[in-house]
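Enquirer: Handing you a structure now.
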Amino acid sequence: MSSQATPIQGSRPVTPPLTSAGSPRSPVSHSKESLQPPACRHRDRSPSPMRGYLIPSPLPTRRNRTCSATARASEGPLFTGVCKYFSRSKGHGFITPSDGGSDIFVHISDIEGEYVPVEGDEMSYKVCSIPPKHEKIQAVEVTITHLNPGTKHETWAGHVVSS
């Protein structure tokens, strides 16, 4: 065997030559301008000024909460309160505890059941501390116990039901 590779003749496919630009068989269209994307596809919008500066949220959602934090919350007592505010588009809201005290944050991922909470709904929940300092708490395992009568409730699928 020789150390030099010898080319194998006739094994490569031959590409047919291009015909003139005006012929119907030509893959080249009428001019170089047609290689540019159409003008209607161009989007003239500036990127968000905050792009690249966004930091991840420190609030632990159901997805990123540690197993130990979930276990501690599950073992804790069950509290009751009334929904003060909830925004489905923002993904969070607040619950006013029945026994008084400051409002408690609730994330959309911690709400169980088929209805989106509205102001005045009675809720039951457990609490979990919010890192990194663990000074504040948030509601977890939130369940609507009584729908606020006389208000329209939306299901997570988007159907509106009046109660």
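Enquirer: Those residues that are in contact with a Ser or Thr (Cβ under 6 Å, 6 or more places away or on another chain), touching a residue at least 40 places away in the same chain (Cβ under 8 Å) and of a type in the set (S, T, N, Q), I need them from the stretch 74-121; list them, please.
Expert: Within the stretch 74-121, THR80, SER109 meet the criteria.
Enquirer: From the list GLY93, GLY113, GLY120, GLY100, which one is farther than 21 Å from LYS152 by Cβ and either out of contact with any Cys (no Cβ under 7 Å at 6 or more places or on another chain) or of a type outside the set (D, E, K, R) (or both)?
Expert: On the way: GLY93 fails: farther than 21 Å from LYS152 by Cβ; GLY113 fails: farther than 21 Å from LYS152 by Cβ; GLY120 fails: farther than 21 Å from LYS152 by Cβ.
So the residue among GLY93, GLY113, GLY120, GLY100 that is farther than 21 Å from LYS152 by Cβ and either out of contact with any Cys (no Cβ under 7 Å at 6 or more places or on another chain) or of a type outside the set (D, E, K, R) (or both) is GLY100.
Enquirer: Going by the conditions given, is THR96 touching an Asp or Glu at 6+ places or on another chain (Cβ under 9 Å), in a strand (DSSP E or B), modelled with pLDDT of 90 or more and open to solvent by 60 Å² or more (accessible area, probe 1.4 Å)?
Expert: On the way: touching an Asp or Glu at 6+ places or on another chain (Cβ under 9 Å): yes; in a strand (DSSP E or B): yes; modelled with pLDDT of 90 or more: yes; open to solvent by 60 Å² or more (accessible area, probe 1.4 Å): no.
Considered against the rule, which asks whether it is touching an Asp or Glu at 6+ places or on another chain (Cβ under 9 Å), in a strand (DSSP E or B), modelled with pLDDT of 90 or more and open to solvent by 60 Å² or more (accessible area, probe 1.4 Å), THR96 comes out as no.
The values are calculated or read from the model by the stated rules, or taken from the named source; none is laboratory data. Quick caveat: nothing in here was measured; it's all calculated off a predicted structure. No Cβ is skipped: glycine too gets one built from the backbone with ideal geometry, and neighbour counts run over all protein chains shown. Side chains included, ligands, DNA and RNA excluded: accessible areas come from the protein's heavy atoms. Shrake-Rupley method; radii C 1.70, N 1.55, O 1.52, S 1.80 Å.
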